[in-house]
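Scroll down for the structure; my scribbles are underneath it.
Values in this text are rule-based calculations from the coordinates and carry no lab data. If you're wondering where the values come from, they're calculated on a predicted model, not measured in any experiment. Neighbour counts are summed over all protein chains in view; Cβ atoms, including those assigned to glycine, are modelled from backbone coordinates with ideal geometry.
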Protein chains: 2
Amino acid sequence: MPPVGLIGLGAFGRLAATHLSPHLDLVAHDPAVAELDSVACVSLAEAASRPVVILAVPVQLIAEACQQIAPHLPEGALVLDVASVKLKPMAAMRAHLPAGTRILGTHPLFGPQSAADGLGGQSIVLCPEPGVDPACIADFLRDDLRLDVHISDADTHDRTMASVQALTHLVSKVITDLDLPAAPYTTRSYDLLKQAADLVAGDSDELFRAIERHNPHAGELRERFFRAARALDERLE
Amino acid sequence: MPPVGLIGLGAFGRLAATHLSPHLDLVAHDPAVAELDSVACVSLAEAASRPVVILAVPVQLIAEACQQIAPHLPEGALVLDVASVKLKPMAAMRAHLPAGTRILGTHPLFGPQSAADGLGGQSIVLCPEPGVDPACIADFLRDDLRLDVHISDADTHDRTMASVQALTHLVSKVITDLDLPAAPYTTRSYDLLKQAADLVAGDSDELFRAIERHNPHAGELRERFFRAARALDERLE
């Protein structure tokens, strides 16, 4: 793997730094972070001048980050994002990165909670722009990080994630909002439901909004969920 | 354990027959079942004349079953039900069983799906009527069936189960109703949610209604769930 610059050291950026730095030459930049054990913190210009740049910033800030790194990127740089949706951030990258930049959208389907015990067996989706060959990155993710790698396109990804992630986060958020007292005896299905809710309970509101609002297919899924719930409720009355 | 008569050989009655018959003298009656490998099928009068009688019938039919077994019960018989709610069936048993009958409400927190790999570690709640000592039954369930035994009262049980079971079944039913396509890549929290839904997807509509309609605390929980869901939805718009 060529040298990599990581932009953003929030919850996911830190997780990435921890798992990437043992395997490759990594520096990172975050205006709010001066020093970190897992990775050397450098200027934006230095991090953005590497042949591979990873944008670990919220989907809402991708366009701005692209404008900031654009002047520093080497010719033909490969730029990756890690946002939970893919249509919007990839369009933003195309709009704001120099022509000739190779764009590889990625969605790691895990976070600090679900990867607390390691990355092995976790999934990541790669959405390469037409003409970008993801083979080298895919091999690294598979062989060195033991990830389960899926290649997809941005629309298929967002459609799939509307069912998977928008639904999970919606249900989990509602369950967390209910703030139920600890039960002295439970069923196995309740335990599973609670585990699911707890896994995403620590996720930021920003991530929740990104998943629900920046996925163009999430609104329809939410509507179907509420329609099914209302129908069920009426059947019970 | 004294001889036991089991009334009802639906999904749960069959599960009970399979796990009880190796440990005790068991006969069963179900008007719809003439023969079964796991247990001897006998007349209602014969099954109901045993010192311990288990009613494995839907909560809606408990009163009727009590009226049917009443003439055959021996003096001081111990009658158990296995319904998912406890206030209503225990009141029905008290109303329709002869004075002197000892009543022990039970709620096995598992079913054919969740106990597919065995009973070990599964939970059961016992709600004895005042004056009924559940120790002998509790010891049997704990030592011979390896169940996790909880002693409670009917109101505490129903209150707890409104959060645990009414919520789980509501969410699971909605997810099952959505009939989502199989996803090529998923998150761990989605997998847990789907497992929870699949565990109760096979449960009968009768059980779902019993859990939601015959638990006096379930309506309030459902209302809170829909209120939280609506609030979340509005926040996203």
**Fill in**
Expected max-MSF residue from B:SER172, B:SER189, B:SER84 in the GNM of chain B (alpha carbon, under 10 Å) is B:SER189
**Asked** Which far-off residues, 5 or more places away or on another chain, put their amide H under 5 Å from the one on A:ASP148, with H placed in the peptide plane?
**Response** A:GLY121, A:GLN122, A:SER123, A:ILE124
**Fill in**
Given backbone amide H placed at 1.01 Å from N, residues whose amide H is under 5 Å from that of B:ILE54, ignoring those fewer than 5 places away on the same chain, are B:GLY5, B:LEU6, B:ILE7, B:LEU80
**Prompt:** What ³J(HN,Hα) values, in whole Hz, does the Karplus curve 6.51 cos²θ - 1.76 cosθ + 1.60 give for region B:47-52 when θ = phi - 60°, with x put for Gly and Pro?
**Reply:** 5, 7, 8, 7, x, 10
**Message:** What does the extension gain come out to for B:ASP155 and B:VAL42, with contour length at 0.36 nm per residue minus their alpha carbon separation?
**Reply:** 37.2 nm
**Asked** How far is helix A:188-201 tilted, in degrees, relative to the longest principal axis of the Cα atoms in chain A, given as a value from 0 to 90 rounded to the nearest 10?
**Response** 40
**Message:** Using 0.36 nm times the number of residues separating A:ARG209 and A:PHE140, minus their current alpha carbon distance, what extension gain do you get?
**Reply:** 21.8 nm
**Request:** Convert each backbone phi in region B:115-120 into a coupling constant with the Karplus relation 6.51 cos²θ - 1.76 cosθ + 1.60 (shift: θ = phi - 60°), then list the ³J(HN,Hα) values in order as whole Hz, x for Gly and Pro.
**Result:** 9, 4, 9, x, 8, x
**Complete:** Among residues of chain B, the one whose beta-carbon sits nearest the axis that rotates B onto A, given with its distance in integer Å, is B:LEU192, 2
**Item:** ³J(HN,Hα) computed for each position of region A:138-147 - Karplus, 6.51 cos²θ - 1.76 cosθ + 1.60, integer Hz, glycine/proline x
**Value:** 4, 4, 4, 5, 6, 7, 8, 9, 6, 7
**Message:** Need one value for B:195-206: mean number of C-beta atoms belonging to other chains within 10 Å of its residues' C-beta atoms.
**Reply:** 3
**Item:** Long-range amide H partners of A:PHE110 with built H, under 5 Å
**Value:** none
**Item:** Set of lysines with alpha-carbon distance to B:LYS88 below 30 Å, sequence-local pairs under 8 removed
**Value:** A:LYS194, B:LYS173
